[in-house]
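Engineer: Here you go, one structure.
The values are calculated or read from the model by the stated rules, or taken from the named source; none is laboratory data. Remember, predicted model here, so these are calculated numbers, not experimental data. For neighbour counting, all protein chains shown are included, and Cβ atoms are generated from backbone atoms with ideal geometry for every residue, glycine included. All accessible areas refer to the heavy atoms of the entire protein, side chains included, with ligands and DNA or RNA removed. Shrake-Rupley method; radii C 1.70, N 1.55, O 1.52, S 1.80 Å.
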Amino acid sequence: MAYILVLYYSRHGAVSQMAQLVARGVEEVPGVEARLRTVPPVSTVCEAVEEDIPAEGPPYATLADLRQCAGLAMGSPTRFGNMAAPLKYFIDSSSALWLSGVLAGRPAAVFTSTSSLHGGQESTLLSMMLPLLHHGMLVMGLPYTEEDLMLTKTGGTPYGVSHLAGIDNNLPVSEEEKRLCRALGRRLAKAAMMLGGGDWK
Ligand SMILES: Cc1cc2nc3c(=O)[nH]c(=O)nc-3n(C[C@H](O)[C@H](O)[C@H](O)COP(=O)(O)O)c2cc1C
């Protein structure tokens, strides 16, 4: 079955919760399933050696997961207004896919979580789009027909979904943020089906 790759990194769990909600939205669309994948942490000290499979949570993503997906939802915590290094590290390993142009024309969307409301949600989302545009992916946001974009007091942007986790990282994903995560997943899955669905493999 065609799948949307929900690729994310999460250290404290907020982006992980968002990824599961995006995946639920994907699976509300008939004929598509969500494939949740994470990436290992990276070290500045030395080449970290990780187990092939994480002790808990979804498996680590491979380039084959990316090559064969019908669409991509990519999530990262905000780190200094940008995506986290582990996810960037994985994306930086995708030049072979870029050279072959294999991801060109496939839909993609992004999501993030921050500690502070004005701590860079939009800059993170917009910068996460850049490598996807280099890959030729069709980057999607959320339209204001999603009324939660107007009602939210925390996260939620037209550039993708965001979540305000708070200074102690313990604010729950709000009802508006939850609905927006699911809406993003659904929108991506519908676009993937309209664009050829499983014919990407
Ligand atoms: C190195 C580092 C940089 C961060 N930079 C920002 C930032 O620029 N703005 C912000 O609001 N939060 C920032 N945070 C907080 C995380 O974005 C926030 O805790 C996020 O919700 C974590 O997501 P997770 O629970 O999925 O790991 C930073 C955290 C770390 C560790």
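Engineer: Would you mind checking which residues have amide H under 5 Å from VAL110's amide H? H placed 1.01 Å from N; only 5 or more apart, or other chain.
Structural biologist: Residues meeting the criterion, in which the H sits 1.01 Å from N, are MET74, VAL161.
Engineer: Please give the calculated 222 nm ellipticity per residue for the chain, where each DSSP H segment of at least 4 residues contributes -39500 (n - 2.57) and the sum is spread over every residue; nearest 500 deg cm²/dmol?
Structural biologist: Roughly -10500 deg cm²/dmol at 222 nm, from the helical runs in the chain.
Engineer: Now, a different point. Need one value: the accessible area of THR38 in square angstrom, 1.4 angstrom probe, rounded to the nearest 10.
Structural biologist: 20
Engineer: If I model the chain as equal point scatterers sitting on the Cα atoms and use the Debye formula, what is log10 I(q)/I(0) at q = 0.19 Å⁻¹?
Structural biologist: -1.38
Engineer: Mind checking the per residue accessible area of the chain for me, 1.4 Å probe, whole number of Å²?
Structural biologist: The answer is 49 Å² per residue.
Engineer: Can I ask one more? Cβ under 14 Å from ILE53's Cβ, ILE53 left aside: what net charge do those residues give with Lys, Arg +1 and Asp, Glu -1?
Structural biologist: Counting the neighbours of ILE53, the net charge comes to -4.
Engineer: Now for a separate question. I need two numbers for region 76-126: Rg to one decimal and Dmax as a whole number, Cα atoms only, in Å.
Structural biologist: Cα only, region 76-126: 13.0, 39 Å (Rg, Dmax).
Engineer: So, one more: Kindly rank 159-171, 17-29 from highest to lowest mean number of other beta carbons found within 10 Å of each residue.
Structural biologist: 17-29, 159-171
Engineer: Mean shadow of region 100-201, computed from the convex hull of its alpha carbons, in nm²?
Structural biologist: Answer in nm², one decimal: 6.9.
Engineer: Treat each spin label as a single point 7 Å out from the Cα along the C-beta direction, and report the SER100 to PHE80 distance in nm.
Structural biologist: Distance between label points: 3.4 nm.
Engineer: Also, quick follow-up: In whole percent, and with a 1.4 Å probe on the protein chains, what portion of the accessible area of the chain is carbon and sulfur?
Structural biologist: 55
Engineer: Here's another thing I want to ask about it. Through the Karplus equation 6.51 cos²θ - 1.76 cosθ + 1.60, θ set to phi - 60°, convert the phi angles of region 109-126 into ³J(HN,Hα) values in whole Hz; use x for Gly and Pro.
Structural biologist: Listing the rounded values in order: 8, 10, 8, 8, 9, 10, 7, 10, 5, 10, x, x, 4, 5, 5, 5, 4, 5 Hz.
Engineer: What is the extension gain from LEU63 to HIS134, computed as 0.36 nm multiplied by their sequence separation minus the C-alpha to C-alpha distance, in nm to one decimal?
Structural biologist: Extra length from LEU63 to HIS134 when fully extended: 23.9 nm.
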